[in-house]
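To keep things clear, I will list the structure first and then write my remarks on it.
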Amino acid sequence: MTNPVTRDRRHFEDLHIGEVIDLGHIRVTREMIVTFAREFDPFPFHLDEAAAKASLLGGLASSGWQTGGLSLRMLVDSFLNKVASAGGLGFTDLKWKNPVMVGDTIGGTVTIADLRRSESHPQWGIMSLDFDVRNQKEQPVLTMRLANLVETREPGDQA
Amino acid sequence: MTRWFEDIVIDEVFSLGSHTFNADEIIRFATLYDPQYFHLDAAAAQHSHFGGLVASGWHTVSVGHRKMVDALFAEEERLRGEGREPGVSGPSPGVNAMEFKVPVRPGDTVSYELVVTGKRASNSIPGWGLLFNKLTATNQRGELVYRADLVGFSKLRDYVMPLRLRLLLALTKMPLIGPLLKRGS
């Protein structure tokens, strides 16, 4: 039951705890922030400069869900699309540490924190990933632990 | 919700409404934020264990957030209609847990519901309270799509800032002392 899409990608057995993935960078523009906010998070502090200045954020900032989405995008481009990923299971301890303001460039690292085989599904392993996303001033922006399924090359064998 | 912290009732359930996902919006979201083949390409997705196109979990969660914001705005309008001053909600500090259960496919209708499970005054931001909310998303077959433990801010109505905090706040705005105080906090 080989999946032709993921056949030549890294599988569960090819991954190592402690491996650090460089996420690269994304520059966050006003256009990106307002477009996302209109569809998913239309609070005045994500849409309008004056309202944003008066809020806890202190200026026009991206929705936290957009910051998370952009972090995920960087992970997909730099890592998940090179791995036999079978989708996300969820995450824990998501923290929005500092707002992402117009013109900020975000980047950072993701570390493989844990790898274990699924007990119920031998065709999968569960990979835990620790996000450390920062802005251009090296201030932390977002941290979380994401759980993602990865196809195993040899179902049932011990890695 | 858009109420003063003091008016928020634990265990109160808010129905946030529903959203029907179509293939175009699933692909549009995935192109920007989660471009994995099972979120992008219906033909390639056949080879995945999903057996077809599914929405990014981040997409279903973002729509859930939109539903929550719409409910806040509706509540604000309702309170104003009754001649009452609505409360103020602020940005969220984070999410304690998020579990994706059943995937969302094109044509699925997802209903969202929020329950306030706890609240306490914020230790770090005077005048604001923390709300702990449980959000569940369910599809048209009654299957759980995801559940989340969310944290939000809500402003206190009856808050008077203590004199020492007011002094400290005034000091942080002074050019020489301010940066030192902020570094120390």
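The numbers here are math on the coordinates, done by the rules we state, and not lab data. Note that this is a predicted model, so its numbers are computed, not measured. So basically every Cβ, Gly included, is an ideal-geometry build from the backbone, and we count neighbours across all protein chains shown.
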### Summary
Loop-resident GluC sites (Glu not before Pro) in region B:1-109 with no more than 14 other Cβ atoms inside 10 Å, DSSP not H/G/I/E/B, are B:Glu12, B:Glu82
### Message
Only counting other Cβ atoms within 10 Å, I'd like B:Asp11, A:Asp114 sorted with the fewest neighbours first.
### Response
B:Asp11, A:Asp114
### Query
Considering only the other residues whose Cβ falls under 13 Å of the Cβ of B:Phe38, what net charge follows from Lys and Arg at +1 and Asp and Glu at -1?
-2
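Using the Cα centre as the reference, give the magnitude of the dipole from point charges on the C-beta atoms of the protein assembly as shown (Lys, Arg: +1; Asp, Glu: -1; all else neutral), rounded to the nearest 20 debye.
1080 debye
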### Query
Which of A:Lys137/B:Lys155; B:Lys119/B:Lys173; B:Lys134/B:Lys155; B:Lys119/B:Lys155; A:Lys53/B:Lys155 have a Cα-Cα distance over 21 Å?
A:Lys137/B:Lys155; B:Lys119/B:Lys173
### Task
Could you tell me which trypsin sites (Lys or Arg not before Pro) in region B:125-174 are loop residues by DSSP with no more than 16 other beta carbons within 10 angstrom of their beta carbon?
B:Arg141, B:Arg157, B:Lys173
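Using only the C-alpha atoms of region A:12-151, find the volume of their convex hull and express it per residue in Å³.
Numbers: hull volume 14.9 nm³, N = 140.
Taking only Cα atoms, region A:12-151 has a hull volume of 106 Å³ per residue.
Report the local net charge at A:Arg38: Lys and Arg +1, Asp and Glu -1, summed over other residues whose C-beta lies under 13 Å from its C-beta.
Here the count lands on -3.
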### Task
For peptide B:58-65, compute the average count of partner chain beta-carbon atoms within 10 Å of each residue's beta-carbon.
5
### Summary
Mean other chain Cβ within 10 Å across B:47-54 is 3
### Task
Using a Gaussian network model of chain B whose springs link C-alpha atoms within less than 10 Å, name the residue from B:Asn133, B:Asn22, B:Asn96 with the highest mean-square fluctuation.
B:Asn96
### Task
Could you check which residue among B:Leu53, B:Leu32, B:Leu72 shows the biggest mean-square fluctuation in a GNM of chain B with a 10 Å Cα cutoff?
B:Leu32
### Task
Starting from the Cα of A:Lys97, draw a straight line to each of the aspartates and glutamates and keep only those under 14 Å, dropping any in the same chain fewer than 8 residues away.
A:Asp132, A:Glu138
## Note on the structure
Largest fluctuation, A:Glu13, A:Glu119, A:Glu39 only, Gaussian network model of chain A with Cα springs under 10 angstrom, belongs to A:Glu39
### Cα lying deepest toward the dipole's positive end in chain A, options A:Met127, A:Val28, A:Gly68, charges on Cβ
A:Val28
#### Entry: Quotient of C-alpha Rg and 2.2 N^0.38 Å, computed over region B:5-157
1.18
#### Entry: Hz values of 3J(HN,Hα) by residue in region B:47-58 - Karplus curve (6.51, -1.76, 1.60), Gly and Pro given as x
7, 7, 5, 6, x, x, 5, 10, 6, 4, x, 5
## Note on the structure
Residues other than B:Gly127 with Cβ under 13 Å of its Cβ, Lys/Arg counted +1 and Asp/Glu -1, net out at +1
### Message
Just to be sure I understand the model, the point goes 7 Å from the Cα along the line to the Cβ. What's the resulting B:Asp24 to B:Glu82 distance in nm?
### Response
4.0 nm
